[in-house]
1. Can you name every residue in the stretch 1-45 that is of a type in the set (K, R) and under 24 Å from the mean Cα position of the chain (by Cα)?
2. Just give me the residues in the stretch 8-50 being within 17 Å of W69 (Cα to Cα), aliphatic (A, V, I, L, M) and surrounded by 13 or more Cβ atoms within 10 Å (Cβ to Cβ), in sequence order.
3. Run G65 past the list (1) in a helix (DSSP H, G or I); (2) at pLDDT 90 or above; (3) not aromatic (F, W, Y) and report the number of the one that doesn't hold.
4. Going through I19, I43, I10 one at a time, which residue ends up being farther than 30 Å from C126 by Cβ and part of a helix (DSSP H, G or I)?
5. Please work out if I141 is modelled with pLDDT of 75 or more, surrounded by 14 or more Cβ atoms within 10 Å (Cβ to Cβ) and part of a loop (DSSP other than H, G, I, E, B).
6. Could we say that E52 is touching a Ser or Thr at 6+ places or on another chain (Cβ under 7 Å) and assigned to a helix (DSSP H, G or I) here?
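The values are calculated or read from the model by the stated rules, or taken from the named source; none is laboratory data. Note that this is a predicted model, so its numbers are computed, not measured. Cβ sites come from the backbone with ideal geometry, for glycine too, and all protein chains shown count toward neighbours.
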Amino acid sequence: MPWSAYKGGIKSLKHGVWIVFALWTGFTFVGYFTPILKLAQKITSFSTGPWETFWVVFCAFATYGNVEWMCEQACIYMCPYVHFQSAMFSDYHPMMIDAAIRGVHADSATQGLGHCIDCTLRVQVCPTGIDICDDLEHKCIGYAACINACDGVIDKMNLPQRLDTVHH
């Protein structure tokens, strides 16, 4: 959508909501160390101490920055799910988003595994921006938007489809 007053208003509203949420996060964090009612009273009368002010602002800045500006990086490097994903699956039957099921290998169409036209839509919709077809990625969070994107393209091409997760 091109920039307009409406789009600017929506973007401003979104950022405003996130800033309020981030300030609330900072407030609740400092509330663990300063009694929350006393802290609320200090904030409303603008009489917080330097450390309370610093930590509320710091936590708010960290929350807003991580959610609004570094969301993919937070998923890749900070989310514990990504790092523990391989340990959560059984050695014999893990549910994984597998590159072969996407039809990227030359013989995949003959095996009934679907057809890939290499449109790269799978990378564009991935919240972490990885290409699962390169290899099984440790950064894959199992969001599976790549599967939906591939299914849509395969449907438009009227090709056989089997683009779902597979048991190994």
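1. K7, K11, K14
2. Correct list: I19, A22, L23.
3. So the condition that G65 fails would be (2).
4. Going through I19, I43, I10 in turn, the sole match is I43.
5. Taking the combined requirement at face value, the residue does not satisfy it.
6. Here the answer is yes, as E52 does meet what is asked.
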